[in-house]
Amino acid sequence: MGISRRRFLTSVGKAGGYGALYTTMMGMGLLAAPRAYAGPPKLPAGGGAGKSVAILGAGIAGLVSAYELRKAGYAVTVLEARDRPGGRAWSVRGGSTIVQTGRPDQTVDWAEGRNAYFNAGPARIPQWHHAVLGYCQELNVPLEVMVNANRSAKLDFAGQVVTERQAVNDTRGAFTELLAKAVDKGALDQELTGIDKQKLLGYLSAYGDLGKGNAYGGSTRAGFSASPGGYDHPPKGGDPLRMTDMMKARFWGASLIFEEIIDMQATMLQPVGGMDRISYALYEQVKPAVRFGAVVKALRKTSKGVKIDYTDASGPKTLEADFCVCTIPLPVLAKIPSDFAPRVKQAIAAAEYHHGTKVAWESRRFWEQDDFQYGGLGWTDEANELVWYPSGGIGEKTGILVGAYSIGFSGPDAPPKYAALSFEERFAISRRVIDKFHPGHGKELTKPFTVSWMQTPYSEGVAVGWKEEQRATDYAELCKPDGAFYFAGEHMSYINAWQEGAALSAHEAIKLIQARVSAA
Ligand SMILES: Cc1cc2nc3c(=O)[nH]c(=O)nc-3n(C[C@H](O)[C@H](O)[C@H](O)COP(=O)(O)OP(=O)(O)OC[C@H]3O[C@@H](n4cnc5c(N)ncnc54)[C@H](O)[C@@H]3O)c2cc1C
């Protein structure tokens, strides 16, 4: 009898906390499902002639909408509050200013360099995100491999620091030993024939690197206590972690199943030089249509379509159009006066967004030069949750090390706690954890900067967190147009917190607009 999905999720939740549960649900396809992608919608050439569209926001959803609608001949205007494209797809470099609500502004003073950037928002693309990768191909955005998992990276749980290689392989060894013993004792005789048992035992032995009597006594897969060398230096494996220690340290949370989640599987990719390269490539295609520094203040319905009130450097302005694609994140949109139907306003207000905070340092690449670790993620149960090593610029002298990515991997408590800390407190935790991973090197970290998405104007959160029951209510409400207003953005997809969701939601919105124009 198979274990039910609910029971499986509950047990993962117990073992690894909320982060593990969330990532497992994604992995099981409950939150996101890959599907065949047939390319962007092919709107009829000239299908939008004589029609105008106001697009609110120049993030991925707004830029994709503008790009595709312009191809079909629509007259498009994009209003963007910031002075750059990309929205959450934001790469911070020397000279950038980081504005955070209620916190001091930070001006980044890192040295320049192609790899001297910090992806404050998105930083990786899985291979099955075909819409985003399709735009990279179409617009010639160079990509490189993003190292999402590294067996040399460290895990720090309950004060115990081990390599990922040890945690992964000792876990596997311990589990296969238990299963092999159960099979051997006949505990699974109902399920397995004699031949199957022998085959399974053979596989388990190889899979877990088991020794005599199906016992796991450690493996060089988990690392060496003495590295192999020349002459009389044979390799020696170390002592395996004990099952009880692994349980205490909660190594079986998100960190150990992370790279099995469909969004996290190798090969992962990143644009060379920063994630914002994709947004800028799209922006280049629609440049004349974009107005930066244009802050939307009110959304009105008219007999013709829509009227958008906004302000820019020269004062209040108005934009009228036949249609509107609104990509403004819902917590921001909820505060803007509008003529939306009461049920639509209710749905917008009901959306909850996640916390997420990052810290980045400029540093000599001691993790490469001294510890021979190239890329990957280090995991901790301290509130900074993650240390993220750069995949770009491997071998260069200095690099930007992401010393915190607190988003809920270890449970729901860390992200709000970490976001509430002062900048100095965030930096201190990050430095301490990095020093645990690379003893003696914490002091080499310089020029830290931090971005907390709940404190970021025009975003106010990392991404939406629709509850399952909201898909049929609030989310479904926003999938319908309200008059001439159409909603797009990562929140209007089943691939939340990904650029892919933003791009695909834009495709849906513009298909609906075209259908309405074609039917008129
Ligand atoms: C920390 C973090 C990590 C992430 N990791 C990944 C990842 O690894 N890979 C990945 O693919 N995705 C990732 N994502 C998700 C990805 O960044 C988003 O899903 C995507 O960028 C959202 O695009 P969007 O167009 O829906 O919204 P946004 O990018 O938020 O665009 C909305 C735009 O509206 C503008 N706006 C807001 N208010 C107003 C106003 N009043 N007037 C005018 N304009 C306004 C904003 O300035 C913004 O430009 C991450 C996000 C974060 C924050």
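The values are calculated or read from the model by the stated rules, or taken from the named source; none is laboratory data. Computed from a predicted structure; not experimentally measured. Backbone-built Cβ (ideal geometry, glycine too); neighbour counts: all protein chains shown. Just so you know, the surface numbers come from the protein's heavy atoms only, side chains and all, with ligands and any DNA or RNA stripped out. Shrake-Rupley method; radii C 1.70, N 1.55, O 1.52, S 1.80 Å.
Of all residues in segment 59-88 being open to solvent by less than 10 Å² (accessible area, probe 1.4 Å) and of a type in the set (A, V, I, L, M), which is farthest from the ligand (Cβ to nearest atom)?
So, considering only residues that are open to solvent by less than 10 Å² (accessible area, probe 1.4 Å) and of a type in the set (A, V, I, L, M), the one farthest from the ligand (Cβ to nearest atom) is 72.
Could you list, in sequence order, all residues of segment 183-203 that are aliphatic (A, V, I, L, M), in a loop (DSSP other than H, G, I, E, B) and open to solvent by 60 Å² or more (accessible area, probe 1.4 Å)?
Taking segment 183-203 as the starting set, the residues that turn out to be aliphatic (A, V, I, L, M) are 183, 187-188, 192, 195, 200-201.
Then keep just the ones that are in a loop (DSSP other than H, G, I, E, B); that gives 187-188, 192.
Correct list: 187 only.
Going by the conditions given, is residue 78 of a type in the set (A, V, I, L, M), in a strand (DSSP E or B) and under 18 Å from residue 506 (Cβ atoms)?
Numbers: of a type in the set (A, V, I, L, M): yes; in a strand (DSSP E or B): yes; under 18 Å from residue 506 (Cβ atoms): yes.
Yes.
Can you tell me which residue among 439, 448 is away from the ligand (no atom under 13 Å from the Cβ) and in contact with a helix residue (DSSP H, G or I) (Cβ under 7 Å, 6 or more places away or on another chain)?
Working: 439 fails: in contact with a helix residue (DSSP H, G or I) (Cβ under 7 Å, 6 or more places away or on another chain).
None of the other options fit; the residue is 448.
Could you grab the pairs with beta carbons closer than 9 Å, sequence gap of 6+ or different chains, first residue in segment 119-133 and in contact (Cβ under 8 Å) with a residue 40 or more places away in the chain, second one basic (Lys, Arg) and more than 8 Å from the ligand (Cβ to nearest atom)?
Short answer, once both residue conditions are applied: 128/35.
Kindly indicate whether residue 155 is touching a Cys at 6+ places or on another chain (Cβ under 8 Å) and within 21 Å of residue 374 (Cα to Cα).
Details: touching a Cys at 6+ places or on another chain (Cβ under 8 Å): no; within 21 Å of residue 374 (Cα to Cα): yes.
In short, no.
Taking segment 363-399 only, how many residues are open to solvent by less than 10 Å² (accessible area, probe 1.4 Å), outside any helix (DSSP H, G or I) and under 18 Å from residue 118 (Cα atoms)?
13
When you look at residue 174, is it small (Gly, Ala, Ser), under 30 Å from residue 459 (Cα atoms), in a helix (DSSP H, G or I) and in contact with a helix residue (DSSP H, G or I) (Cβ under 8 Å, 6 or more places away or on another chain), yes or no?
Working: small (Gly, Ala, Ser): yes; under 30 Å from residue 459 (Cα atoms): no; in a helix (DSSP H, G or I): yes; in contact with a helix residue (DSSP H, G or I) (Cβ under 8 Å, 6 or more places away or on another chain): yes.
Spelling it out, it is not the case that residue 174 is small (Gly, Ala, Ser), under 30 Å from residue 459 (Cα atoms), in a helix (DSSP H, G or I) and in contact with a helix residue (DSSP H, G or I) (Cβ under 8 Å, 6 or more places away or on another chain).
Looking only at segment 400-444, how many residues end up being at pLDDT below 95 and open to solvent by 20 Å² or more (accessible area, probe 1.4 Å)?
So the answer is 4.
So in segment 254-273, with the set limited to residues that are in contact with a helix residue (DSSP H, G or I) (Cβ under 9 Å, 6 or more places away or on another chain) and among the small types (Gly, Ala, Ser), which one is surrounded by the most Cβ atoms within 10 Å (Cβ to Cβ)?
255
Which of the residues belonging to segment 203-249 are among the small types (Gly, Ala, Ser), touching a Lys or Arg at 6+ places or on another chain (Cβ under 7 Å) and on the phi < 0 side of the Ramachandran plot? Step through it out loud before you land on a result.
Residues of segment 203-249 among the small types (Gly, Ala, Ser): 205-206, 208, 211, 213, 215, 217-219, 222-223, 225-227, 229-230, 237-238, 249.
The next check asks that each one be touching a Lys or Arg at 6+ places or on another chain (Cβ under 7 Å); those that pass are 208, 222-223, 225-226.
Within segment 203-249, 208, 222, 225, 226 qualify.
Go through segment 413-432 and report how many residues are farther than 21 Å from residue 92 by Cβ and more than 16 Å from the ligand (Cβ to nearest atom). Lay out the reasoning, then the answer.
So in segment 413-432, the residues farther than 21 Å from residue 92 by Cβ come out as 413-414, 416-417, 420, 432.
Filter again for more than 16 Å from the ligand (Cβ to nearest atom), leaving 413, 417, 420, 432.
Summing the residues that are farther than 21 Å from residue 92 by Cβ and more than 16 Å from the ligand (Cβ to nearest atom) in segment 413-432 gives 4.
Would you check if residue 447 is surrounded by fewer than 17 Cβ atoms within 10 Å (Cβ to Cβ), at pLDDT 95 or above and outside any loop (DSSP other than H, G, I, E, B)?
Criteria met by residue 447.
Which members of segment 114-164 meet the condition of being under 22 Å from residue 388 (Cα atoms), away from the ligand (no atom under 12 Å from the Cβ) and of a type in the set (Val, Ile, Thr)?
Matches in segment 114-164: 145, 147, 161, 162, 163.
State whether one or more residues within segment 89-105 are modelled with pLDDT of 95 or more, farther than 23 Å from residue 358 by Cβ, open to solvent by less than 10 Å² (accessible area, probe 1.4 Å) and in a loop (DSSP other than H, G, I, E, B). Working first, answer last.
As a first pass, look at segment 89-105 and keep what is modelled with pLDDT of 95 or more: 89-105.
Restricting the remaining residues to those that are farther than 23 Å from residue 358 by Cβ gives none.
No, there is no match, as no residue in segment 89-105 is modelled with pLDDT of 95 or more, farther than 23 Å from residue 358 by Cβ, open to solvent by less than 10 Å² (accessible area, probe 1.4 Å) and in a loop (DSSP other than H, G, I, E, B).
Name, by its number, the condition in (1) open to solvent by 20 Å² or more (accessible area, probe 1.4 Å); (2) more than 14 Å from residue 484 (Cα to Cα); (3) more than 23 Å from the chain's Cα centre (by Cα) that does not hold for residue 320.
So the condition that residue 320 fails would be (2).
Can you name the residue in segment 349-362 that is outside any strand (DSSP E or B) and in contact with a strand residue (DSSP E or B) (Cβ under 9 Å, 6 or more places away or on another chain) and, of all such residues, is least open to solvent (accessible area, probe 1.4 Å)? First the steps, then the outcome.
Keep residues of segment 349-362 that are outside any strand (DSSP E or B), which gives 349-352, 354-356.
Filter once more, so that each one left must be in contact with a strand residue (DSSP E or B) (Cβ under 9 Å, 6 or more places away or on another chain): 351-352, 354-356.
Details: 351: 16, 352: 103, 354: 58, 355: 53, 356: 1 Å².
Residue satisfying both the conditions and the ranking: 356.
Would you confirm, using the coordinates I've provided, whether residue 472 is without any contact (Cβ under 8 Å) to a residue 12 or more places away in the chain, open to solvent by 10 Å² or more (accessible area, probe 1.4 Å) and more than 17 Å from residue 333 (Cα to Cα)?
So residue 472 fits the description; yes.
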